[in-house]
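A.B. asks: Can you keep this structure in mind? I'll have questions shortly.
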Amino acid sequence: MTTDADDRIAAGVTALSERAEERAGDEFTRAAWLSLADPRPTEDRSPFDDDDRGWVGEGLRWLVVAAAAYRAAGRDARASRRGVEGIAVARDLQSSFSNPAQRACLDEFIADYRVVAGMDDADAAYRTAEDAYGAAADAVDDPQRLATSPLFRAATQPIQQVARGPANGEIAVEWDDLHGADPSDPGAFLARRAAFKRQRFPSLLARVVDAGRLAAPRGTTEYGNDSFRCPDCGSTDVNWTAGVTLCLRCSAPMERA
């Protein structure tokens, strides 16, 4: 089922492919608001439910991406407002989750918002998230399952999208980068997420801002598909994402060869 939020995400991805980052920020903002209001339409779920999967994370994700798009467009004031919104929502939702590791993930989101909004104290915010993950360790039975839940996936996807541009469209932030080596130590396993972002997210975003371009999110990909060719860079590597067929390398719309 395609939702209104899906339509706005597709519009945002299309805007990125057209090098219209400000319009992309607008569309991703609309996607975020729709997702926050109705995080799981098929289940009539409230965003204020204590949800062990954390479907509300999708809305939080798109606010981060919206702010990153505005930064790439040079619209720093609007990016700052998205960051303020995101921090307020994440803090509010912390009172809904009984799982302390999920609340720590919201601390991680808060730090992400500080980065994409160009705010001070992102470093301290990530350290707060690291400490919160450590304190939540005893409440985590299966850290790998938790790390693949919708809330945690949503918190990994913005940095992965931001990193694609400087990496020529490739996956530049892997699972192993974001998580510790030993799942039997849940606190350290999850705290690695915040530690990695603290070290890398600001510099990755700075490169995107300097380039003035945010890559589209990575979807289903194929290398060397001779049925398509990028009119901008000549690549035949394809990225199918949000219903749009794009160049894997530069996110331009692909043309049939």
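A.B. asks: Pairs only if they're at least six apart or on different chains, beta carbon under 9 angstrom, first in the range 70-87 and on the phi > 0 side of the Ramachandran plot and assigned by the TED database to the domain that holds ALA206, second open to solvent by 10 Å² or more (accessible area, probe 1.4 Å) and assigned to a loop (DSSP other than H, G, I, E, B); list them, first residue then second.
C.D. replies: Filtered contacts from the range 70-87: GLY74/GLY212.
A.B. asks: State which residue pairs qualify: first residue closer than 23 Å to ALA117 by Cα and inside the range 205-226, second residue of a type in the set (Lys, Arg) and part of a loop (DSSP other than H, G, I, E, B) in any location, beta carbons under 8 Å apart, and separation of 6 or more residues or different chains.
C.D. replies: From the range 205-226, the pairs are ARG213/ARG19.
A.B. asks: Which residues, taken from the range 176-192, are of a type outside the set (Phe, Trp, Tyr) and more than 16 Å from ALA111 (Cβ to Cβ)?
C.D. replies: Selection gives ASP176, ASP177, HIS179, GLY180, ALA181, ASP182, PRO183, SER184, ASP185, PRO186, GLY187, ALA188.
A.B. asks: Look at the range 193-206 and say how many of its residues are more than 12 Å from ALA111 (Cβ to Cβ) and not polar (S, T, N, Q).
C.D. replies: So the answer is 4.
A.B. asks: State whether the residues of the range 189-199 include one that is of a type in the set (Lys, Arg), in contact with a helix residue (DSSP H, G or I) (Cβ under 9 Å, 6 or more places away or on another chain) and within 30 Å of GLU222 (Cβ to Cβ).
C.D. replies: So far as the range 189-199 goes, yes, one or more of its residues are of a type in the set (Lys, Arg), in contact with a helix residue (DSSP H, G or I) (Cβ under 9 Å, 6 or more places away or on another chain) and within 30 Å of GLU222 (Cβ to Cβ).
A.B. asks: Condition first: among the polar types (S, T, N, Q) and within 30 Å of THR236 (Cβ to Cβ). Can you find one or more residues in the range 195-206 that meet it?
C.D. replies: No, every residue in the range 195-206 fails to be among the polar types (S, T, N, Q) and within 30 Å of THR236 (Cβ to Cβ).
A.B. asks: What number goes with the only condition from (1) in contact (Cβ under 8 Å) with a residue 60 or more places away in the chain; (2) out of contact with any Leu (no Cβ under 9 Å at 6 or more places or on another chain) that ALA252 does not pass?
C.D. replies: Going through (1) in contact (Cβ under 8 Å) with a residue 60 or more places away in the chain; (2) out of contact with any Leu (no Cβ under 9 Å at 6 or more places or on another chain) one by one, ALA252 breaks only (2).
A.B. asks: Something else: Go through the range 205-223 and count every residue that is surrounded by fewer than 17 Cβ atoms within 10 Å (Cβ to Cβ) and in contact with a strand residue (DSSP E or B) (Cβ under 9 Å, 6 or more places away or on another chain).
C.D. replies: 5
A.B. asks: Which one of these is of a type in the set (D, E, K, R) and free of Cβ contacts under 8 Å to residues at least 40 places away in the same chain: ARG40, ARG53?
C.D. replies: Exactly one residue qualifies, and that residue is ARG40.
A.B. asks: Also: Kindly indicate which of ASP177, ASP210 is of a type outside the set (S, T, N, Q), assigned by the TED database to the domain that holds TYR126 and closer than 23 Å to ARG75 by Cα.
C.D. replies: After applying the criteria, what remains is ASP210.
The values are calculated or read from the model by the stated rules, or taken from the named source; none is laboratory data. This one's a predicted model, so the numbers in the text were calculated from it and none came from an experiment. Virtual Cβ from ideal backbone geometry, glycine too; neighbours counted across all protein chains shown. Calculation scope for accessible area: heavy atoms of the full protein, side chains included, ligands and nucleic acids excluded. Shrake-Rupley method; radii C 1.70, N 1.55, O 1.52, S 1.80 Å.
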